[in-house]
Structure formats: C-alpha cells, structure tokens
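Read the structure below first, then the notes.
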Amino acid sequence: MQPANTTLEEYSAVNLSCSANVGRPGGMVTIWKQSYMSDERIQLGSSSSSVTDNGNCSVYANLLITYNLSRSDHDFIFGCTSKNIHTNDPALSMEVGRITILCKYKVILYFDNNNRC
C-alpha cells in the first residue's frame with residue numbers, strides 16, 4: 001500500500017495503489033480509510049475481479065486510485081484488503097496511517113481607509 005509518507009498537505013492529491021495475489025478463484029482488492037477512533041471502514045475503491053492469471057493458482061488484482069485529501073482525513077488510517085470467496089472475515093489488510101494533514105490557511109488583510117491621518 002502506498003503512499004509511505006504519512007504527513008501530507010490538505011488539498012493534495014495522492015495515488016493509492018494496491019496489488020495482491022488473490023488466489024483461485026480470483027478475487028479483488030479494496031482500498032479504504034478508517035478513523036483511528038472507529039471500526040468502520042469507508043471504501044474508496046475496489047478492483048474488478050482478478051486481472052492477471054499466470055496459470056499456477058496465482059491470480060493478481062491491482063487497483064490505483066487518486067484521492068484528494070481534506071482536513072477531515074487527519075488521523076485516518078488508509079488500507080488495502082484482498083479477498084476472494086474463500087477468505088474469512090476479517091480479511092488480511094495492509095495499512096498506512098495515521099495520516100497527518102497539514103492544513104492550509106488563508107490570511108486576509110483588511111484596510112480601513114476611513115481612519116486616515
């Protein structure tokens with residue numbers, strides 16, 4: 001699971017990629033995010049069923065998504081899970097987290113021209 005950098009800027013776009021041997025029958029990979037204070041995973045994307053079969057019971061699934069970070073992603077964990085019909089829940093996952101979001105702030109200066117010297 002990428003990205004490996006866990007300190008990122010607000011409004012930046014990151015590529016999240018996941019690749020796994022999902023076995024036979026072919027399965028899929030899912031990229032998700034989860035608050036460190038919750039057990040609920042929010043799905044960000046899923047691969048279609050397996051994409052590469054090399055003929056020896058190894059079937060690979062790949063997924064690449066571009067995700068735009070926001071302030072609300074601060075302290076979230078991002079992860080990837082692979083699964084086929086024989087996988088018991090909870091499926092094995094690779095995780096990156098907790099993400100630190102550096103917030104961008106705007107500074108607006110206001111000049112009052114009514115108080116001239």
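Within the range 87-112, restricting attention to residues that are surrounded by fewer than 12 Cβ atoms within 10 Å (Cβ to Cβ) and aliphatic (A, V, I, L, M), which residue is modelled with the highest pLDDT?
Leu92
Spot the failing condition for Asn5; the list is (1) modelled with pLDDT of 90 or more; (2) assigned to a loop (DSSP other than H, G, I, E, B), and only one is missed.
Of (1) modelled with pLDDT of 90 or more; (2) assigned to a loop (DSSP other than H, G, I, E, B), only one is false for Asn5: (1).
Pairs please, first residue from the range 39-54 and among the β-branched types (Val, Ile, Thr), second anywhere and at pLDDT 90 or above, Cβ atoms under 7 Å, 6+ apart in sequence or on different chains.
Listed pairs, sorted by first residue: Ile42/Trp32; Ile42/Lys33; Ile42/Gln34.
From the list Tyr67, Tyr60, which residue is closer than 15 Å to Ser17 by Cα and either modelled with pLDDT of 90 or more or in contact with a His (Cβ under 6 Å, 6 or more places away or on another chain) (or both)?
Going through Tyr67, Tyr60 in turn, just one is closer than 15 Å to Ser17 by Cα and either modelled with pLDDT of 90 or more or in contact with a His (Cβ under 6 Å, 6 or more places away or on another chain) (or both): Tyr67.
Quick one: in the range 66-87, which of the residues that are of a type in the set (A, V, I, L, M, F, W, C) and more than 16 Å from Gln43 (Cβ to Cβ) is farthest from the chain's Cα centre (by Cα)?
Ile85
The values are calculated or read from the model by the stated rules, or taken from the named source; none is laboratory data. All figures in this text were calculated on a predicted structure; none of them were measured in a lab. Virtual Cβ from ideal backbone geometry, glycine too; neighbours counted across all protein chains shown.
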